[in-house]
Amino acid sequence: MRVAKFCERNIKVTDADKVIDLLRLHYQNDVDVSIVDCFRRCLECRVRPFCRIQLTTIEADDAESLINKILQTVKPT
């Protein structure tokens, strides 16, 4: 199972909290969610939700797009 790491500060200023809630509710068998203090990407952090899976940063303009990108990463077809 892959771990999606979310920045605590990014959660506070974007809709990343919605992404976390949906992942924990509907995709707990595919993605493990972890919240870290800071990724040191302050300029991006305030603009859009993002997370890291392994060393790859995944970002999107909204929560739904981020969920889709996360699922594409952890469940390749």
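The values are calculated or read from the model by the stated rules, or taken from the named source; none is laboratory data. None of the values given here were measured: they were computed from a predicted structure. Here Cβ is always computed from backbone atoms with ideal geometry, including for glycine, and neighbour counts include all displayed protein chains. We work out accessible area using only protein heavy atoms, side chains counted, and drop any ligands, DNA or RNA first. Shrake-Rupley method; radii C 1.70, N 1.55, O 1.52, S 1.80 Å.
Worth a mention:
- Placing +1 on the Cβ of every Lys and Arg and -1 on the Cβ of every Asp and Glu, with no other charges, gives the chain a dipole of roughly 260 debye about its Cα centre.
- In this label model, residue 8 and residue 64 are separated by 3.2 nm, measuring between points 7 Å along each Cα→Cβ vector.
- Surrounding net charge for residue 7, when Lys and Arg each add one and Asp and Glu each subtract one, Cβ distance under 12 Å: +3
- Largest first, the residues 52, 2 sort by 1.4 Å accessible area into 2, 52.
- Helix 16-26 vs. the chain, principal-axis angle (Cα, 0 to 90°, nearest 10): 20
- Label-point separation, residue 71 to residue 1 (7 Å along Cα→Cβ), nm: 1.8
- Whole-number D in µm² s⁻¹ for the chain, Kirkwood Cα-pair radius fed into Stokes-Einstein, 10 °C, 1.306 mPa s: 132
- Only one residue of 1, 28, 65 has its Cα farthest out toward the positive end of the dipole of the chain, where Lys and Arg carry +1 and Asp and Glu -1 on Cβ, and that residue is 1.
- Residue 30-residue 56 pseudo-label distance in nm [points 7 Å out on the Cα-to-Cβ vector]: 1.4
- Per-residue surface analysis assigns residue 39 an accessible area of about 30 Å², computed on protein heavy atoms at 1.4 Å probe radius.
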